[in-house]
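So the structure is just underneath, and the comments pick up after that.
Coordinate-derived values only; no laboratory data. Every value quoted in this text rests on a predicted model; they were computed, and no experiment measured them. Here the Cβ positions follow ideal geometry from the backbone for every residue, glycine too, while neighbour counts run over all protein chains shown.
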Amino acid sequence: MSATTSYQVPPAGSRYEGVWIIAVTLLVAGVLALYVSQRGQTDAVEEIFDWQVSAFATLTGADQAIYNSLYTVKDEIPYIYDDINAYNGPDEKFRWPSLEDFQDFLLPPFFKDTSWEQNGSLQWTLYEPLPEGEMQGSTMYLGTDGQLSGQGSFLLVIGHVHAGFTNTNAIVIWWNEEKHVEMPESGFRDGLILRGWREVVPYSGEQEVNRIFGE
């Protein structure tokens, strides 16, 4: 009985197959890199009006830290409002959280802790310019008289409107370059602008990345 001999026949052109795969891969990578370099980056400029300031480009140091805290907690305040008024009796007036309430809730930048001291110890005041029984208007929290050099003042304006069974809260953060300012009479935009207040425009995601990691 004769032994059986087997042979492995390589496919035609096998010596070039690996080279072609590498070449195609490099070509695709080069095209993608070129596309990203040309299209992937945008130089869009954030539109800032004269009555606005950029939280990224304008605010620095303690003012930037205070703004970040306000921006973080501003949407929590309406929930605190609901919580403290949940069990009001029929003759009790609804009210917005006081500065004492914020101490109980440990809410920065109002809460007087080490961070509050490091950021200038702003003195906060609540103003509710609403007639008895009225539930629409502007509630304002003023932070002023900071202890740091060059520090400005902040105003958190909560405008609330009730329509039927729904209510809407428009919350805006304002900044004034003056260290000491008086509480405005109303939260209307034009009046605030005339008194030196400027609305703070928050970071975009791209700006925040650039701020942390650099351009």
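Pop out the ³J(HN,Hα) list for the stretch 111-125 in order, Karplus 6.51 cos²θ - 1.76 cosθ + 1.60 with θ = phi - 60°, rounded to Hz; leave Gly and Pro as x. After applying 6.51 cos²θ - 1.76 cosθ + 1.60, I find 5, 8, 10, 4, 4, 4, 5, 5, 9, x, 6, 4, 9, 9, 9 Hz. Remark: spin-label model distance H180-T114 equals 3.1 nm, labels positioned 7 Å along the Cα→Cβ axis.
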